[in-house]
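Notes to accompany the following structure.
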Amino acid sequence: AEVRLSRRRWAVVLLFSSYSLCNAFQWIEYGSVSNVFVRFYGVSAFAVDWLSMCYMLAYIPLLFPVAWLLDKRGLRPIALAGSALNGLGAWVKLGSLRPHLFGVTVAGQVVCAVAQVFILGMPSRIASVWFGPREVSTACSLAVFGNQLGIALGFLVPPVLVPNVEDKEKLAHHISIMFFMTAGVATALFILVVIVFKEKPPHPPSQAQALIQSRPPEEYSYVQSILRLLRNTNFMLLMVTYGLNTGCFYSLSTLLNRMVIQHYPGEEVNAGRIGLTIVLSGMAGALISGIWLDRTKTYKQTTVVVYIMSLVGMVVYTFTLSLGSLWVVFVTAGVLGFFMTGYLPLGFEFAAELTYPESEGTSSGLLNVSAQIFGIVFTISQGQIMQHFGTKAGNLFLCSFLFLGTIITAFIKADLRRQQANLESEQT
């Protein structure tokens with residue numbers, strides 16, 4: 001088949017990145033000012049933590065049906081469903097602007113959590129379907145970039161829009177502004193997806209993609225694909241290590257407000273800014289990783305180095321959080337974020353290489369299931385450890401699992417099947 005790049009590819013990845021941003025913002029908008037929502041709704045901190053953890057919980061049972069739909073129906077229906085549910089959840093939350101309506105805000109967040117299932121597995125699939133072999137890792141990084149930027153804004157914006165005021169009527173007004181803005185943006189993005197987002201380009205962007213598209217549909221079995229992935233030892237090792245790293249990030253993000261407030265009372269805005277610093281530096285790390293992979297194709301070596309530096313960053317952050325100096329926390333959190341969240345697109349792209357020609361949506365979906373399971377376990381466990389033994393013990397708990405993930409990563413073999421397919425096609 002004729003291989004040619006489409007100009008629309010940048011519009012597609014930018015649009016996906018934008019509605020992924022909106023969904024990620026809604027994930028962390030409660031957690032970044034958790035103490036404010038605890039007081040407004042009159043519920044426990046653990047109940048507010050579940051507004052974040054429901055994203056993780058919803059993903060686990062829904063991955064397989066959504067991944068099956070992605071394989072059978074393609075990118076466009078999944079994009080439409082994800083952006084539509086994201087907008088619907090945002091509008092539902094507008095019905096929860098009274099202290100006794102916590103159940104309504106839970107319902108809206110659950111709808112957004114379901115939308116997330118239609119979003120998280122898409123980056124590597126969009127990159128493979130729309131982008132050539134010399135830009136595929138950069139495109140995947142850009143697709144993940146939006147999700148990270150959404151988390152960054154989720155740390156930055158809520159502490160500014162929802163100040164910790166005593167009057168609940170004023171507090172409800174501030175919350176309504178945030179919810180209305182989110183619903184408006186989500187609706188506009190859904191309309192753009194309907195107009196702009198296409199299934200695939202007119203021509204395949206790479207020889208590897210041309211080979212996949214030339215395969216008769218009846219030859220593909222979703223169940224057999226899952227079984228082949230589960231028998232792929234290198235992929236299974238990567239699945240565990242990705243889950244450990246990303247699970248630590250989810251736990252850290254959910255509990256960050258509580259950690260910082262415990263050592264620096266009244267610093268809700270700076271707690272949000274520290275979260276922003278973690279994610280913004282991670283976005284830089286993700287883009288640099290994507291460009292580096294496109295230039296060097298050193299997937300294994302890059303993954304090991306980034307994992308080791310994530311562990312080092314977590315250890316340093318753990319022992320500097322209680323020093324009483326906020327600027328030190330900003331610096332160490334930035335270093336931690338550069339490597340820990342910079343690892344996310346690395347995992348997706350390494351998985352796509354190890355599992356070619358299996359569907360990227362299925363492989364990245366399994367990575368995300370691992371991340372959600374570890375995220376729930378780590379968030380609940382670290383929250384309990386912090387409550388009984390303090391923040392340092394909770395962070396050391398995460399450090400121990402990052403150390404385990406570093407060791408397991410060293411045993412993954414760099415079986416780069418997608419690169420090999422492109423090389424063989426070019427030689428032929």
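The values are calculated or read from the model by the stated rules, or taken from the named source; none is laboratory data. Computed from a predicted model, the values in this text were never measured in an experiment. No Cβ is skipped: glycine too gets one built from the backbone with ideal geometry, and neighbour counts run over all protein chains shown. Just the protein is used for accessible areas: all its heavy atoms, side chains included, with ligands, DNA and RNA removed. Shrake-Rupley method; radii C 1.70, N 1.55, O 1.52, S 1.80 Å.
Any residue at all in segment 80-101 that's within 23 Å of Ser141 (Cβ to Cβ), in the same structural domain as Trp27 (by the TED database), out of contact with any His (no Cβ under 6 Å at 6 or more places or on another chain) and surrounded by fewer than 17 Cβ atoms within 10 Å (Cβ to Cβ)? I'd like the intermediate steps shown before the answer.
Going residue by residue through segment 80-101, those that are within 23 Å of Ser141 (Cβ to Cβ) are 82-83, 86.
Checking the rest, the ones that are also in the same structural domain as Trp27 (by the TED database) come to 82-83, 86.
Add one more test, that the residue is out of contact with any His (no Cβ under 6 Å at 6 or more places or on another chain), and what stays is 82-83, 86.
Subsequent filtering for residues that are surrounded by fewer than 17 Cβ atoms within 10 Å (Cβ to Cβ) retains none.
No: zero hits.
Out of (1) open to solvent by less than 10 Å² (accessible area, probe 1.4 Å); (2) closer than 30 Å to Val36 by Cα, what's the single condition that is false for Leu326?
(1)
Pairs please, first residue from segment 146-164 and assigned by the TED database to the domain that holds Pro345, second anywhere and surrounded by fewer than 20 Cβ atoms within 10 Å (Cβ to Cβ) and of a type outside the set (Asp, Glu), Cβ atoms under 9 Å, 6+ apart in sequence or on different chains.
Hits for this filter: zero, empty list.
One residue is enough: does segment 188-204 have a residue meeting the conditions among the charged types (D, E, K, R) and closer than 24 Å to Ser310 by Cα?
Restricting attention to segment 188-204, the residues satisfying the condition of being among the charged types (D, E, K, R) are 198-200.
Okay, now just the ones that are also closer than 24 Å to Ser310 by Cα, so none.
No, there is no match, as no residue in segment 188-204 is among the charged types (D, E, K, R) and closer than 24 Å to Ser310 by Cα.
Inspect segment 41-48 for any residue being modelled with pLDDT under 90, open to solvent by 10 Å² or more (accessible area, probe 1.4 Å), of a type in the set (Phe, Trp, Tyr) and within 21 Å of Leu256 (Cβ to Cβ) and give the result as yes or no.
yes
Table: residues versus (1) open to solvent by less than 10 Å² (accessible area, probe 1.4 Å); (2) in a loop (DSSP other than H, G, I, E, B); (3) among the charged types (D, E, K, R).
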| residue | (1), (2), (3) |
| --- | --- |
| Leu311 | no, no, no |
| Thr332 | no, no, no |
| Pro357 | no, yes, no |
| Ser364 | yes, no, no |
| Gln372 | yes, no, no |
| Thr379 | yes, no, no |
| Thr406 | no, no, no |
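Would it be correct to say that Leu51 is free of Cβ contacts under 8 Å to residues at least 60 places away in the same chain and open to solvent by 20 Å² or more (accessible area, probe 1.4 Å)?
Numbers: free of Cβ contacts under 8 Å to residues at least 60 places away in the same chain: yes; open to solvent by 20 Å² or more (accessible area, probe 1.4 Å): no.
So Leu51 fails the test.
Pairs only if they're at least six apart or on different chains, beta carbon under 9 angstrom, first in segment 186-201 and at pLDDT below 95 and of a type in the set (Phe, Trp, Tyr), second surrounded by 17 or more Cβ atoms within 10 Å (Cβ to Cβ) and part of a helix (DSSP H, G or I); list them, first residue then second.
If the second residue must be surrounded by 17 or more Cβ atoms within 10 Å (Cβ to Cβ) and part of a helix (DSSP H, G or I), the pairs left are Phe197/Val12; Phe197/Leu15; Phe197/Phe16; Phe197/Leu75; Phe197/Ala79; Phe197/Ser83.
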